[in-house]
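The values are calculated or read from the model by the stated rules, or taken from the named source; none is laboratory data. Note that the coordinates shown come from a computational prediction; the quantities given were computed from them, not determined experimentally. Cβ coordinates were reconstructed from backbone atoms using ideal geometry, including for glycine residues, and neighbour counts include every protein chain displayed.
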Amino acid sequence: MPRRSLLRALGAVGAGTMGLALAGCGVPAAYVEPGDRAGRDRSGRERALDFANWPLYVDTDDEDSSKRPTLDAFTERTGISVRYTEEINDNDEFFGKISPALMNHQETGRDLIVVSDWMAARFVRLGWVQEMDRDRQPNVARYLDPQLRHPAFDEGRRHSVPWQSGITGIAYNRAKLGREIRSTEDLWAADLRGKVTLLSGLDESFALLMQGNGVDITGWTADDFHAVCDQVEKLVKQKHIRRFTGNDYIKDLSTGDVLACQAYSGDVIQLQADNPDIEFVVPEEGAELWAESLMIPNLAGHKRNAEALVDHYYRPEVAAELAAWVNYVCPVPAARDVLADSDDEELAALAEDPLIFPDDAMRTRLAIARDITADERRDFAKRWNSIVGL
């Protein structure tokens with residue numbers, strides 16, 4: 001199952017309401033001041049680190065799935081061993097798992113984690129992650145995609161570094177539909193009634209729909225949000241939208257039960273391998289560029305080792321190897337030249353895939369949405385979840 005499609009909407013309200021519930025129970029504020037975030041760094045005497053990631057989100061050896069070539073190369077080069085766990089299956093579930101330690105100023109047992117940027121925004125707001133030392137990360141400073149450098153929640157990417165990126169756009173079966181889809185508005189055409197699905201997760205779905213209405217998602221407003229909700233409510237009543245989905249849109253699109261849907265770029269690359277009639281569109285009005293990012297939790301015992309691993313993955317040759325395996329938008333554009341120079345035809349072809357390395361024309365239509373603030377989340381999630389049936 002493609003990794004990104006594991007994200008579900010159920011937790012979208014959970015972590016957002018957690019702080020409100022705690023405040024109502026007399027629990028001390030969860031925010032951690034900058035001076036209380038660093039722990040005693042044992043990197044010098046303990047050449048190790050603990051890295052928590054999502055399933056299927058790092059390359060594995062074709063003949064031995066227990067081997068992870070890019071991680072093994074890091075250990076061989078630096079002497080730092082990596083205890084790698086695939087324990088993150090849902091952003092909010094993981095938030096709930098480690099939040100008791102973070103709010104009580106305790107170690108989490110993890111030196112490096114990967115969460116979606118909308119969740120990363122919460123960690124930054126709460127002061128639960130440490131600022132990285134860019135002097136120790138020359139590859140990040142040099143090669144990080146300029147379009148991903150300045151998210152609203154973490155200006156300058158001081159606390160976060162993209163692990164992989166991707167695009168939320170539209171996937172459709174051109175052969176069965178019999179025409180092209182060029183814009184989000186095309187989803188509402190009469191011949192698609194009952195054959196369209198949208199993503200159920202608030203954080204995964206709203207930006208593309210706003211862009212379809214001509215909204216600049218880098219600075220959207222509450223009025224923009226409620227306009228989308230009004231629109232979607234009407235489409236639900238008209239039975240135009242078949243249903244709201246998590247990962248199961250992949251099956252619906254493959255079987256033909258659905259002809260067009262909101263989708264993630266990385267999923268579609270894998271679907272196209274089995275069905276070349278499946279196409280992915282960045283609508284004329286634009287699509288959302290998102291990232292899932294590496295972060296170092298407070299009191300991590302191996303901060304310098306973690307910073308070294310982050311920088312390892314920003315070596316173009318390492319980024320190219322990872323991109324060839326996971327098929328998401330690579331946050332290191334320089335990796336494209338590495339793949340293009342490969343003697344392997346399949347690898348060289350990936351360098352020309354705009355869903356891994358977006359071209360300039362596509363990039364002009366991509367934007368990073370501002371995140372939902374803590375004050376907004378409860379009411380927004382309540383309304384959205386009532387529409388999608390969560």
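Observations
- Set ASN173, ASN91, ASN139: member being outside the structural domain of ILE296 (by TED's automatic domain parsing) and in contact (Cβ under 8 Å) with a residue 40 or more places away in the chain: ASN173
- Qualifying residue in the range 346-359 (condition: more than 16 Å from ILE269 (Cβ to Cβ) and assigned by TED's automatic domain parsing to the domain that holds SER116): no
- Top-ranked residue of the range 78-97 - restricted to ones that are small (Gly, Ala, Ser) and on the phi < 0 side of the Ramachandran plot, ranked as farthest from the chain's Cα centre (by Cα): SER81
- Hits in the range 100-130 (condition: over 22 Å from TRP290 (Cβ atoms) and surrounded by fewer than 21 Cβ atoms within 10 Å (Cβ to Cβ)): PRO100, ALA101, MET103, ASN104, HIS105, GLN106, GLU107, THR108, GLY109, GLY127
- Cross-chain or 6+ apart pairs with Cβ under 7 Å, the range 347-376 first and within 20 Å of PHE225 (Cα to Cα), then at pLDDT below 95 and part of a loop (DSSP other than H, G, I, E, B): ILE368/PRO151; ARG370/ALA152; ASP371/ALA152; ASP371/PHE153
- Test: residue in the range 160-178 that is closer than 30 Å to VAL310 by Cβ, in a loop (DSSP other than H, G, I, E, B) and hydroxyl-bearing (Ser, Thr, Tyr): yes
For (1) under 22 Å from the mean Cα position of the chain (by Cα); (2) within 25 Å of ASP360 (Cβ to Cβ), each residue gets a yes or a no:
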{"site": "GLN211", "(1), (2)": "yes, yes"}
{"site": "GLY214", "(1), (2)": "no, yes"}
{"site": "CYS229", "(1), (2)": "no, no"}
{"site": "TYR249", "(1), (2)": "yes, no"}
{"site": "ALA263", "(1), (2)": "yes, yes"}
{"site": "PHE280", "(1), (2)": "yes, yes"}
{"site": "TRP290", "(1), (2)": "yes, yes"}
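- Number of positions in the range 334-353 that are in contact with a Ser or Thr (Cβ under 9 Å, 6 or more places away or on another chain) and either under 16 Å from TYR143 (Cβ atoms) or surrounded by 15 or more Cβ atoms within 10 Å (Cβ to Cβ) (or both): 2
- Taking the criterion of being surrounded by 14 or more Cβ atoms within 10 Å (Cβ to Cβ) and either assigned to a helix (DSSP H, G or I) or outside the structural domain of ASP41 (by TED's automatic domain parsing) (or both), the residues of the range 142-158 that qualify are TYR143, GLN147, LEU148, ARG157.
- Of all residues in the range 321-339, those that are in a helix (DSSP H, G or I) have Cβ atoms under 7 Å from Cβ atoms of residues that are at pLDDT 95 or above and charged (D, E, K, R), 6 or more apart or on another chain, in GLU321/ASP59; LEU322/ASP59; TRP325/ASP59; VAL338/GLU317.
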